[in-house]
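The values are calculated or read from the model by the stated rules, or taken from the named source; none is laboratory data. Just so we're clear, the structure is a prediction, and the values are computed from it rather than from any experiment. Cβ placement follows ideal geometry from the backbone for every residue including glycine, while neighbour counts extend to all protein chains displayed. Note: areas computed on protein heavy atoms with side chains; ligands, DNA, RNA excluded. Shrake-Rupley method; radii C 1.70, N 1.55, O 1.52, S 1.80 Å.
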Amino acid sequence: QVQLVESGGGLVQPGGSLRLSCVASGGSIGIYGMAWYRQAPGKQRELVASITTVSITNYSDSVKGRFTISRDNAKNTVSLQMNSLKPEDTAVYYCNAHSFLTDYWGQGTQVTVSS
């Protein structure tokens with residue numbers, strides 16, 4: 001059983017940056033695809049960015065060019081660098097580890113973009 005713990009959320013002004021981290025325990029992330037999702041109030045959870053086991057990345061159109069996902073298998077960590085933040089990026093951000101048969105989620109970290 002893999003446990004995922006996110007950190008790095010907070011309040012930031014529009015145009016600012018945040019870096020989210022997700023640390024895994026109970027297993028190695030090396031065998032999992034990793035992803036970041038977000039859920040804004042009243043909206044469905046949506047995929048923000050993903051990274052495969054061989055570090056192929058994919059981004060939603062809304063964050064492409066502003067966010068960067070990365071993984072460090074040695075540290076069992078996946079990160080999301082978020083630049084040029086907008087108020088519409090406000091949401092709870094969740095870390096996800098997935099394989100063909102399994103799906104693990106963290107508890108989420110709040111990101112609020114507001115002046």
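Accessible-area rank, largest first, for Asp89, Asp61, Asp72, Asp103: Asp61, Asp103, Asp72, Asp89, with all protein chains present and a 1.4 angstrom probe. Loop-located trypsin sites (Lys or Arg not before Pro) across the stretch 41-115 with a Cβ neighbour count of 10 or fewer within 10 Å are Lys43, Lys64, with loop assigned by DSSP. The residues packed around Val78, meaning those with a beta-carbon under 12 Å from its beta-carbon, carry a net charge of +1 if Lys and Arg are +1 and Asp and Glu are -1. Build a GNM of the chain with springs between Cα atoms under 10 Å apart, and of Gly65, Gly33, Gly42 the one that fluctuates most is Gly42. A simple spin-label model places the labels of Val54 and Ser7 3.3 nm from each other, with each point 7 Å out along Cα-to-Cβ. Solvent-accessible surface (1.4 Å probe) assigned to Ser115 amounts to roughly 130 Å².
Ligands, DNA and RNA are left out, and with a 1.4 angstrom probe the accessible area of the chain is 53 Å² per residue. Enumerate the aspartates and glutamates that Lys75 could reach by cross-link, defined here as Cα to Cα under 16 Å, with residues fewer than 8 away along the same chain left out. Candidates past the 8-residue exclusion: Glu6. Across the protein chains, with a 1.4 Å probe defining accessible surface, the residues Thr53, Thr102 rank Thr53, Thr102 from largest area downward.
Extension gain, Asn73 to Phe100, is 7.8 nm, computed as 0.36 nm per intervening residue step minus the present C-alpha separation. Note on Thr90: accessible area approximately 40 square angstrom, rounded to 10, probe 1.4 Å, nucleic acids and ligands left out. Below 12 Å, Cα to Cα, which aspartates and glutamates can Lys86 reach? Residues fewer than 8 away in the same chain don't count. Once the sequence-local aspartates and glutamates are set aside, nothing remains near Lys86. Expressed as a whole percent, the accessible surface of the chain that belongs to carbon and sulfur atoms is 51, based on a 1.4 Å probe.
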